[in-house]
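The values are calculated or read from the model by the stated rules, or taken from the named source; none is laboratory data. Since this is a predicted model, take the numbers as computed values, not measurements. Please note: Cβ atoms are built from the backbone with ideal geometry, for glycine as well, and neighbour counts cover all protein chains shown.
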Amino acid sequence: MNQIDKPIANPIVVLREEFDDWAVLFNADNAAAVGTNPVGVAVWKLMDGKKDIEGIVSEIKNRFEDTPDAVGEEIAAFVGILAENGFVGLEQDSK
Amino acid sequence: MRTPRSLTIEITSRCNLRCRYCYFFNNPEVVYRDLPTGEWLTFFDELGSLGVMTVTLAGGEPFIREDLPVLLEGIVRNRMRFAFLSNGTLIDDEIAAFIAGTGRCEHVQVSVDGSSAQAHDSCRGKGSFEKVLRGIHTLQRHRIGVTVRVTIHQHNVHDLENIAHFLLDELGLPDFSTNSAGYMGTCCVNADEVLLNVEERKEAMATLLRLTEQYPGRISSSAGPLTDGRMWRRMEEARAQDKPAFHNGGRLTGCGCPSNKISVRADGAIVPCNMLAHMELGRINHDSLSEVWQNSPDLNQLRTRHHISLAEFEFCAGCSYIPYCTGNCPGLAYTLTGQVDHPSPDACMRRFLEEGGAIL
């Protein structure tokens, strides 16, 4: 299994949701901060270490109207950036 | 912003020094009382639930609190980072090691007011220079970020070049910031012996502007002679070119702090800023911080201060700099005029020029 298939949100990261539905993800351990839109917030909340990227994309398509064709690639890229910066852990397959 | 991103918290009203220009002490509108550990820990839990990112611990002198490690654990547990505003004289290996071990310290800002004990101790007390240097070396040894603030007053205004050399070349600090003694708290009592006069202010501006060219990007300020020198130069240029100097100039736009952060006094009173310590908005663990942040009438009025035109003030009558002016700090405006919604006379360029000042 590709390790990033089941991303899990780093519990140390703070999600600051603002009035306009945008949000800031803040990693208190390294002071890194990332701004994200409502779709990113939804992706963040879905990263529970149980869903793979396909599952997350499917859920996003259900929740948001008019998702672009490339939404899968965009979410995978977003998760990849978060993983590189310590915002997301990678659930290891024990088998 | 739904909640503040950062707070400044005066975790104690105690201090081991009695600096002659201290803004904190001798404020008749402030209650000097410390809260027990548990009160702060409860409040830190609330901050964690609100997504606050950083708390700056101030005082008084924050390192005087015996329970500091417990307080820091409360901050770390709630996924926040922290910084200190300190006189630097009480920092030992034990607390420095603890701070370094958390991995959450942004920096410790300490005050250094001179390149020698004579200049530094003149306003901060005998022996404090030696102690603050020991504190800085201790922080450096533990790889904790140290920032230095130089407060300029009558007794160190002629020492600025030496201070820059000492801090940047000898101590090897990456940078330092400056301000000047302001008419607040204890400084009001000692104003004649501490505050810069026009000539000294002119000298400080000239020296600092020259030093910023000598040390590019390593000397900063958000108030005081360097800021005044830069702002007034920009205002003069804008007036000459008939162009705006600042966004929404000509109104009370000099302070954006209430939109980003908030402060708490040592006795638990929530205030907009340490410079507006009289303006009680609520009390921690009694009033919801998010409720105060979003709905306090006083705080929201402060946030709309930028709608007030400088042309409305008799103080500004006939001033040709109005379109280029911001009115500057509401805290100093309050201590000097008794009104928060008033331009600060301390930052008035016209007055400075009328009293013999010059734009460099």
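Quick look at the values:
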quantity	calculated
Region B:297-306, residues that are modelled with pLDDT of 95 or more and either farther than 19 Å from B:MET275 by Cβ or in contact with a strand residue (DSSP E or B) (Cβ under 7 Å, 6 or more places away or on another chain) (or both)	B:PRO297
Out of B:GLY103, B:GLY74, B:GLY60, B:GLY88, sole residue that is of a type outside the set (A, V, I, L, M, F, W, C) and surrounded by fewer than 15 Cβ atoms within 10 Å (Cβ to Cβ)	B:GLY103
All positions within region B:47-67 that are within 14 Å of another protein chain (Cβ to nearest Cβ) and part of a helix (DSSP H, G or I)	B:LEU47, B:GLY48, B:SER49
Checking B:LEU17 against (1) within 14 Å of chain A (Cβ to nearest Cβ); (2) more than 20 Å from B:ASN260 (Cα to Cα); (3) not small (Gly, Ala, Ser), the condition it does not meet	(1)
Of all residues in region A:53-84 being under 11 Å from the mean Cα position of the chain (by Cα) and surrounded by fewer than 16 Cβ atoms within 10 Å (Cβ to Cβ), the one that is farthest from the other protein chains (Cβ to nearest Cβ)	A:ALA77
Members of region A:43-90 that are aromatic (Phe, Trp, Tyr) and in contact with a Leu (Cβ under 8 Å, 6 or more places away or on another chain)	A:TRP44, A:PHE87
Residue identified as more than 20 Å from B:ASN274 (Cα to Cα) and polar (S, T, N, Q) among B:SER86, B:SER111, B:SER116	B:SER116
Residue within region B:343-353 that is modelled with pLDDT of 95 or more, surrounded by fewer than 19 Cβ atoms within 10 Å (Cβ to Cβ) and within 24 Å of the chain's Cα centre (by Cα) present	yes
